[in-house]
Structures are given as structure tokens and as C-alpha cells.
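These notes are about the structure you will find just below.
The values are calculated or read from the model by the stated rules, or taken from the named source; none is laboratory data. Just so it is clear, the model here is predicted, and its values are computed rather than measured. Cβ atoms come from the backbone with ideal geometry, glycine included; neighbour counts cover every protein chain shown. Just so you know, the surface numbers come from the protein's heavy atoms only, side chains and all, with ligands and any DNA or RNA stripped out. Shrake-Rupley method; radii C 1.70, N 1.55, O 1.52, S 1.80 Å.
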Amino acid sequence: MSAYAPSDARLPPWTLGLPRDAGEIESIHRTRKRLAVERARASKLLAPRVSGIRLDRLDDPDEWGKIPVLTKDELRKLSTDAFYADFCIAPISASRELWRSGGATGRPLFYPRSAEDLDYNLGVAFRRIWPCIGARPGDVVHVSFPLGIHPVGQLTPRSAQMEGLATTWAGAGTTTPTSVQLELIRELKPTILAAMPSYALHLANVAEAQGIDLASGSVRKLLVSAEPLTAAKRTKLERAWGAKVYNSFGMTEGAMTTVEREGVDGMVAWTDLFYLEVVDSASGRPVAPGEQGLLVMTPLWSNTITPFLRWLTGDVVRLAPQQRTDDPFSVFPVLHHELRTEGFFKIRGVNINHGDLEDFMFAEAEVTDFRAEAVNDGGLDALRLQIEVRRGADSAAAGHGVGERIKTTFGLTPEVEVLEMGTLAREFEKAVKVPRFVYRRG
């Protein structure tokens, strides 16, 4: 490993440095994939799935591909006791933390993390965020990720502190009201905001309603994560904040996995920490570099209690090598996150991807915020849109125009309701993740 470490010698060193070249990453894969399979064999749930796998042939894609992918639905079918007894390979008492899975589409799970797991998940995966986005001592990070049991809210500020950055642990609006957060941002003058994209937009919408010009403020970088980031949402965020957006992506089953870097088209992926595969949705075979497919992830250093093996993340991505430069992070490939496979409405036979609808709505110049609902009041399914419009706009005309353009673009006529500015902000304030897409059928 190269000797990359924090620039301040007084700060603790990383547990794992940056690999020098692709050969070093391949060497890690050879050693750690074998250990991942061995640990899976210690799991009552996974042992039958890997019993016939040859440890001496794991570099053969055909042999590795014999291992069935593991899905969240499989784990959700287990009772709590069965999850810890049959999937995990050490008791909860061997852990130092329990991380909550997303739980946006079903029952959340809680994954035990050992001290060794944290050395890599926190001490490497999350710490790499900060040099990657060009943060350094002297920066002040305002953290608006949810606190409590959502791990990103805890690990982001802890990793920032380990890199010598000042932090404000504000949490989302459920922890510190948005109006108070805006006051803190004006008074403490942070240079970086870390938040889910939806909450960063929520802050911007409340600021606009209060007549606060965030674009002329102190924040110069936005670190966003934990939700898909569409092109329209990025544009709206950068315009509202007058700041550069850096997207990042990870999963509770691993840790922070990728983050954007200045001058790089996409997110740099930590392939020395995680074995990342992109597979065809129909055949399960690997796709060519740069082609779109489903992401499958195997932790290489953080599987001492939860032996995730070929975890199907539910994300559609593209992964391709970078051209090597003097940048030490160019040793890693670049990942483009396309969409979540679970994020869509089906209304009267029409599939509406949440990301596509979000892109459309945020490109509407007169719309400041919205919520989409799939509803059924005893008749046909319908798409209901609640929108807020900019001050001075003709509300009736804006609502009619949005409805017509939705019909032309998606082939479905929505019910459009124009709300008073600030209505959605007050409702979103109560949620950990902004519920912008809601099912109200039945």
C-alpha cells in the first residue's frame, strides 16, 4: 500500500493506505475473497450456498459466479432471532455498534459491527471522503444527515473529525429544526454541508421562503449521500447553494463505497475494500466495463460478524477503470449510479420511475417543491402531485402547465394540487428521509 495518510502528522493514520496499482488490488481480491467465502461457510444460512465452491478457483469468474447472490428480501424473511443465530457468525456482544439498514422498502435490519469492521468501515471507507472532495483542516462541516441509529449521520462527522475537520452535528430537521439550522449556518459559516439531497433541498426551500440567500453564504461544497442524485436535483442544489455538489454512495451492508472527486466523471470506487461486480439482470453474468447492470458487492475487510457475500444491492450502475494519472485516487475505477431498481410507481399499467419524475419536476422552473402520491380512492389508480410554486407565479397556470407536460412526457394525466409555500416543508420536517414519493392505495 502507498503511504497516503492525513496531511497533519498528528492525526491517526489510516488502517489501510491507498493501493499503488491494479496489481495490488487484484492481490487483495485473491486473499480476501477466499476469507469472505470461508466466513460465509461459518454461517448456517450461507454454508449450504457455498459448500461446493472451490476456494482455489475463486479467481475463475465461472466458479465465483456459482455463488448465489444474496438479497435483502431473503434476510427480511428471517425472524430477528434467526437473523442473529443463522446468518451472523458471532454474537451481538462481539460488536461495538449496530448499524440500521435503510428499511425504505421493508422491515429494517440491524447489522453488528466489530472493532475490526470499524477500523475499515470508519477508519478507511468514510475517511477517504474528505481528501477525495478536497476537504482539509480549516474547513467546517455542517452535518445534516439524520442522527440516531442511521449510520451515515454518525460516521460522517466522526470521520471528518479524524481528518482534522471541525464539525457541527445538527442532524436532520427531526433533531434540529430547519430554521435553527439555517441560523447556525449563517452564524457559524460552515464551508461544507453534508446532507441527504432531499434535506439539502428542503433547507434551500425553507431559506427561500424566509428570504435567505444561501448562494451568497459560506458553504462552498455539498456532500450528499443516502439517496439517488438526479441531474436535475444536482443542478437545483448547486443553484440554490452556490456550491459544488459531491455525490457519494454506499450501503449499510458495506460502508461508504464511492465518492465523487474534482475532475473525475463519476464516483471513485473503493475496490480494495469491496469486491464490486456489475452483472446482467437476466443472465447474472458480468457485463463489459462501462456497461449498465446490477451492482453486486462483497465486503473484503468488514465481514467478521455479518458475512455478506455477493450482496445484490438493488442499484443499477456502470463501472469502468480510470486513466492513471498522478492522482493517487486514479488507481480506482469510477462508478456511475443510474437508478434504484425499487424506485417506481406503476399506475394504470404505466411505470413511472421516481428518478425520472424527480428530474422532470425539478426542471420545472416555477416549482419549488413537490410530493407525488400513488392513490386509489375506490376507483382507478391515480397519480396525485402536490406542488409549491415560486413567489409571484400564477398558481393555477403553473399547476395546469405541469399537468399537461406530465401527460405528454409520461402518458398519464395527474391530479395536481397547488399548496401554500412552506406546507411540504412543515410535513417533511417530521421525517428522517423526505417522503417525496408515497403510496396511498387502499
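Take the conditions within 15 Å of H337 (Cα to Cα) and modelled with pLDDT of 90 or more and apply them to T191. Does it pass? Criteria not met by T191. The criterion of being in a helix (DSSP H, G or I), in contact (Cβ under 8 Å) with a residue 60 or more places away in the chain and not small (G, A, S) does not hold for V219. For the residues R234, R239, R220, the requirement of being of a type outside the set (G, A, S) and modelled with pLDDT of 95 or more singles out R220. Scanning segment 403-435 for residues that are at pLDDT below 85, outside any helix (DSSP H, G or I) and on the phi < 0 side of the Ramachandran plot gives L412, M421, E429, K430, A431, V432, K433, V434, P435. Is at least one residue of segment 393-404 closer than 23 Å to A425 by Cβ and open to solvent by 80 Å² or more (accessible area, probe 1.4 Å)? Yes, because at least one residue in segment 393-404 is closer than 23 Å to A425 by Cβ and open to solvent by 80 Å² or more (accessible area, probe 1.4 Å).
Could you grab me the full set of residues in segment 128-186 that are farther than 16 Å from Y246 by Cβ and of a type in the set (G, A, S)? Passing the criteria: G138, G148, G153, G164, A166, A170, G171, A172, G173, S179.
Taking the criterion of being touching a strand residue (DSSP E or B) at 6+ places or on another chain (Cβ under 7 Å), in contact (Cβ under 8 Å) with a residue 40 or more places away in the chain and hydrophobic (A, V, I, L, M, F, W, C), the residues of segment 246-275 that qualify are F249, M251, M256, V259, V264, M267, V268, A269, W270.
If only residues of segment 3-27 that are modelled with pLDDT of 85 or more and in a loop (DSSP other than H, G, I, E, B) are counted, the one that is most open to solvent (accessible area, probe 1.4 Å) is R20. Taking segment 165-201 as the search range and keeping residues that are assigned to a loop (DSSP other than H, G, I, E, B) and either open to solvent by less than 30 Å² (accessible area, probe 1.4 Å) or hydrophobic (A, V, I, L, M, F, W, C) (or both), which one is nearest to A363 (Cα to Cα)? In this case the residue turns out to be M196. The numbered conditions (1) of a type outside the set (G, A, S); (2) part of a strand (DSSP E or B); (3) more than 19 Å from R239 (Cα to Cα) are all true for H400 except (2).
Only residues that are crowded, with 16+ Cβ neighbours inside 10 Å and of a type in the set (G, A, S) were counted in segment 285-300, giving 1.
Inside segment 366-414, residues that are within 25 Å of A200 (Cα to Cα) and free of Cβ contacts under 8 Å to residues at least 12 places away in the same chain make up a count of 1.
Go through segment 36-53 and give me each residue that's exposed (fewer than 15 other Cβ atoms within 10 Å of the Cβ) and either small (G, A, S) or closer than 18 Å to Y275 by Cα (or both). Within segment 36-53, E38, A42, A47, S51, G52 meet the criteria.
Looking across segment 405-432, the residues that are of a type in the set (V, I, T) and either in contact with a His (Cβ under 7 Å, 6 or more places away or on another chain) or open to solvent by 20 Å² or more (accessible area, probe 1.4 Å) (or both) come down to T408, T409, T413, V416, V418, T423, V432.
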